[in-house]
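K.L.:
Below you'll find the structure I mean.
Taken together, the values in this text are just the output of simple stated rules run on the coordinates, not laboratory data. Bear in mind the structure is a predicted one, so any value in this text is a computation, not a measurement. Quick reminder, even Gly has a Cβ in these numbers, built from the backbone with ideal geometry, and neighbours come from all protein chains shown.
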């Protein structure tokens, strides 16, 4: 999501795709915001337009930060960072809610995963990590 010339209509098509994948039984998905990588055509175009500064450590660090949702940058002319972030979170939440609703056995798998610590997808990994953090906090 968030390509330079992407519109809300494009985003809604992406969200519809995310919903369809959940309903077809896909186990996991991740929704990322567009990040221009050096060497790509879009990177060159954005750099020529002055939207990308010099390539320093901070820029390369921002490439890795996409996975933990900390980057507050939008290269999309129609949508700002906050709106794209909201669509991203909504898309991922929708995916897991639809998936667990459509395939209720996943709830049992989640319970087993909490007991045994063997997650099968990103959501389960985050829940297990959070449960372990709570457990450590309570045992101190």
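K.L.:
Please determine, in degrees from 0 to 90 and to the nearest 10, the orientation of helix 81-102 with respect to the longest principal axis defined by the Cα atoms of the chain, where the helix direction is its Cα long axis.
P.N.:
It works out to around 30 degrees.
K.L.:
Where q = 0.13, 0.14 Å⁻¹, what log10 of I(q)/I(0) comes from the Debye formula for the stretch 1-108, counting one point per Cα?
P.N.:
For the requested q values the scattering log ratios are -0.55, -0.62.
K.L.:
Order of 129-137, 20-28 by packing, highest average Cβ count within 10 Å first?
P.N.:
Result, highest mean first: 20-28, 129-137.
K.L.:
Right, here's the next one. For residue 63 and residue 89, what is the calculated FRET efficiency with R₀ set at 25 Å and r taken between the beta-carbons, to the nearest 0.05?
P.N.:
With R0 = 25 Å, the Cβ-Cβ based efficiency is 0.80.
K.L.:
Now for a different question. Please give the length that would be gained between residue 54 and residue 72 if that part of the chain were fully extended, namely 0.36 nm times their separation in residues minus their C-alpha to C-alpha distance (nm, one decimal).
P.N.:
Numbers: separation 18, 0.36 × 18 = 6.48 nm, distance 1.75 nm.
Once the chain is fully extended between residue 54 and residue 72, it gains 4.7 nm.
K.L.:
Give me the angle, in degrees from 0 to 90, between the Cα long axis of helix 122-138 and the longest principal axis of the Cα atoms of the chain, rounded to the nearest 10.
P.N.:
That works out to roughly 60 degrees.
K.L.:
Okay, moving on. How would 55, 15, 123 line up from fewest to most surrounding beta-carbon atoms within 10 angstrom?
P.N.:
Going from sparsest to densest Cβ surroundings: 55, 15, 123.
K.L.:
For residue 47 paired with residue 137, estimate the spin-label separation in nm (one decimal), with each label point 7 Å from Cα along the Cα-to-Cβ line.
P.N.:
In this crude label model, residue 47 to residue 137 measures out at 4.4 nm.
K.L.:
For the chain, what is the calculated [θ] at 222 nm in deg cm²/dmol (nearest 500), taking -39500 (n - 2.57) for each run of four or more DSSP H residues and dividing by its residue count? Intermediate values should be presented prior to the final figure.
P.N.:
Details: 6 runs with 85 residues, N = 140.
It comes out at -19500 deg cm²/dmol, rounded to the nearest 500.
K.L.:
For helix 105-116, report the angle its Cα long axis makes with the longest principal axis of the Cα atoms of the chain; keep it between 0 and 90° and round to the nearest 10°.
P.N.:
80 degrees
K.L.:
List 59, 75, 37 from most exposed to least, where exposure is judged by having the fewest other Cβ atoms within 10 Å.
P.N.:
Numbers: 59 13, 75 23, 37 10.
Listed from fewest to most nearby Cβ atoms, that is 37, 59, 75.
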